[in-house]
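What follows is calculated from the coordinates using simple rules that are stated; it is not laboratory data. Computed from a prediction, not measured in an experiment: that's the story for all the values here. Quick reminder, even Gly has a Cβ in these numbers, built from the backbone with ideal geometry, and neighbours come from all protein chains shown.
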Amino acid sequence: MVLAVTMSSFGEPDVLQISEVETPRPGPGEVLVRVRATALNRADLLQRRGLYPPPPGASEILGLEMAGEVAELGEGVTSVSVGDRVCALLPGGGYAQYACVPAGMLMRLPTNLTFAQGAAIPETFLTAYLNLFVLGRLSPRETVLVHAGASGVGTSAIQLIRLAGANSIVTAGTEAKIERCLSLGAQAGWNYHDGSFVDFVQKHTDGHGANIIFDFIGAPYFADNIASLAIDGRLIVIGTMGGTKVDALDLGQLLGRRLQIIGTALRSRSLADKIELTAAFQAFAGDALANGEVVPVVDSVFDWRDVQEAHRYMESNRNTGKIVLNVN
Ligand SMILES: NC(=O)c1ccc[n+]([C@@H]2O[C@H](COP(=O)([O-])OP(=O)(O)OC[C@H]3O[C@@H](n4cnc5c(N)ncnc54)[C@H](OP(=O)(O)O)[C@@H]3O)[C@@H](O)[C@H]2O)c1
């Protein structure tokens, strides 16, 4: 038996507890990893409330990413060795001492990064990479408007945009968050408490609008997002933290400016897609992570026994970057 964070029922953070579960066993092509750190995602908060069930076949245990050491190899695995430091995206099961991962999903953890930093890589960077380059088709010199710029996904996106030679402008809820986004490479920031971002976007794109908008907010931003897109602009709907239902959409605007609205979800993609994405991300940003040009932004590290407190902290929207749990 091993320890994991389990839930007595769905609900508030106090349903989370540490208890014993069966030791996972690696199947053919899989690797058993001794998890040293995992990181929180908004999806964990929804799953804890019973609003986001894991996909069929995935662990019921929370946790979409982890970093740790290879503990055991399943049949046929030759790409890694026992003891290697790795990190990976998971369909679930990261809040545990051990997790099984298909070998193709593993990323080697560069020696300059701690396990806490490694746990902060997979979900945000793979989400940012997928939506910027695969779905968004970002070109150098284009401008991306990143909402919630200081979020985990936002801080990763800003750095990948910089690495690609493109520009990012952000919105966030505090001046301190905007400063952090600028320090990571954003060109300008807008505090949304000061009102609509439409004029801000026009000002920083010479009146052309943004080529890509990374939106996590949804309904309340929809009209201003459409108004802020350049010709051939792509609105990528990554989250709906502010609501899902929009009142009206003038389809004439889509035609007139050849706009695209793209919905995206990483977790439900096929394993083959995720393996391909992991390889493409490493080819693009692996060296930059190893030499410090790109950094996983860790807001705070909690002992996993304080997982309830960590969930409450994420719900308070105070983090800049990732909230990590050290798993001991
Ligand atoms: N589709 C996918 O595949 C995928 C994958 C990963 C994540 N996501 C989604 O991406 C979003 C960001 O995730 P994350 O882990 O990076 O988040 P995070 O680090 O927890 O940051 C979220 C930030 O969003 C801002 N925010 C929250 N509610 C808001 C609202 N109603 N209006 C405006 N701003 C709000 C807050 O910052 P301020 O102080 O600036 O308001 C908050 O700190 C989430 O919705 C998550 O579910 C989607």
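Relative contact order of segment 124-263: 20 percent, from C-alpha pairs under 8 Å at least 6 residues apart in sequence.
For the peptides 59-70, 105-116, 88-99, the ranking by mean Cβ contacts within 10 Å, running from highest to lowest, is 88-99, 59-70, 105-116.
Kindly flag which residue pairs out of Lys177/Lys203; Lys245/Lys274; Lys177/Lys322 have an alpha-carbon separation exceeding 25 Å in this structure. Present the calculation step by step, with values, prior to reporting the outcome.
Details: Lys177/Lys203 21 Å; Lys245/Lys274 29 Å; Lys177/Lys322 13 Å.
Flagged as over cut-off: Lys245/Lys274.
Looking at the P(r) of the chain, how many percent of alpha-carbon pairs lie beyond 28 Å? Tail of P(r) above 28 Å: 40 percent of Cα pairs. Note the angle between two axes, namely the Cα long axis of helix 271-290 and the longest principal axis of the Cα atoms of the chain, as a number of degrees from 0 to 90, rounded to the nearest 10. The two axes meet at around 80 degrees. Please label the shape of segment 195-324 as rounded, prolate or oblate, based on the square roots a ≥ b ≥ c of the eigenvalues of the alpha-carbon gyration tensor (a/c under 1.5 means rounded; beyond that, a/b larger than b/c means prolate, else oblate). Here segment 195-324 falls in the prolate category.
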